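One structure is given below, encoded as structure tokens.
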Amino acid sequence: MSCSSGCNYNLHMECFHLPPRLPSIRLHHQPGHDLILESSDKLGFDYCHVCAFTSSGLYYACIGCKFKADIKCTSLPDTIYHTAHPQHPLNLVSHNDVHQKQRHQYYCGANCGGRSSSFDCYACSSCEFIVHIRCAMLPASFTSCRWDKHHPLPLTYNANLNHPGEFYCDKCEREMNPKSWMYHCRHCDISFHPRCFKTRFGWYSNIRFGKEYVNAAAHPHPLVSQLLTTKRRCNLCRNDRYELPGFHCESCNFFICRDCGKKMIGDGDMKAAD
């Protein structure tokens, strides 16, 4: 679906038919507080209180408090079966319930480094296995022509099995805990932290990049929204913004950071390209 006024705003049919209002979801902790469907302002990123990632698309917000949840997290199943814990089903619980019922287990079963008492989780009612929602939603495998042209990269839950030794992430080059979940190809002996793929599984996985914007005052060419990976500093504020969101011109390697871009949007100097 496209806007008839020509403002270049588009929606999938599934998103177009989303209900404008939802009753309070299970993880909201505020019974009786309705959630209203809203859209992020241009480049404004909204923090999801369920998966703890930011989102640039549609989300539901509570009219009575500051709770926000992206549209995927408002439709989570109450129970899942996960390959990392095949012996029991996992139930959706809030981090408050985890903290009260399982005081001796505070860490995510994915060994991602985050405490399970800080985020909403899926938990086993028969034992103490807990996994963050965002870790439970990691795909079982993915393909990357850049890193492995011949094999898919499966999600591995204990890389030490049949493969003793040290593991290093081929992207960030840091040593990895073999009992932490990682994407690992045994044939090529390459490994990756899921978080190192920021736009696929990490902090910016719910952000839409690639849109062109025009700012004649700042730069004569269209600027594409993306993470800065070819340059370290913003051409306007001169701050180090490596691997942070901004706007980049590939033809002359001009870059402005998101903060500078938002100021221009506020001043009316920047608009989406047709």
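Express the Stokes-Einstein translational diffusion coefficient of the stretch 212-272 in µm² s⁻¹, to the nearest whole number, given a Kirkwood radius over alpha-carbon pairs, 4 °C and a viscosity of 1.567 mPa s.
117
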If R0 is 45 Å, what FRET efficiency do you get for C65 and E166 from their C-beta distance, rounded to 0.05? 0.45
Determine, from the Cβ-Cβ distance of S75 and S126 and an R0 of 22 Å, the FRET efficiency 1/(1 + (r/R0)^6), rounded to the nearest 0.05. 0.30
Would you mind working out the magnitude of the charge dipole of the stretch 141-196 relative to its Cα centre, with +1 at each Lys and Arg C-beta and -1 at each Asp and Glu C-beta, to the nearest 20 Debye? 180
Relative packing of peptides 188-194, 232-238 - highest average C-beta neighbours within 10 Å first: 188-194, 232-238
With label points set 7 Å from each Cα along the Cα-to-Cβ direction at K149 and F209, the distance between them in nm comes to 2.3
Rounded to two decimals, the Debye log10 I(q)/I(0) of the stretch 136-274 (Cα scatterers, no solvent) at q = 0.10, 0.16 Å⁻¹ is -0.46, -0.85
How many nm separate the modelled label positions at T229 and Q30, each set 7 Å beyond the Cα in the direction of the Cβ? 3.8
I'd like the FRET efficiency for L58 and E250, computed as 1/(1 + (r/R0)^6) with the beta carbon distance as r and R0 of 25 Å, rounded to 0.05. 0.30
For q = 0.20, 0.25 Å⁻¹, what log10 I(q)/I(0) does the stretch 141-196 give under the Debye formula with an equal point scatterer on each alpha carbon and no solvent? -0.64, -1.01
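FYI, it's all coordinate maths here, none of it is from the lab. Predicted model, so just to flag it, every value in this text is computed and none were measured. Note that each Cβ is placed from the backbone with ideal geometry, even for glycine, and that neighbours are counted across all protein chains shown.
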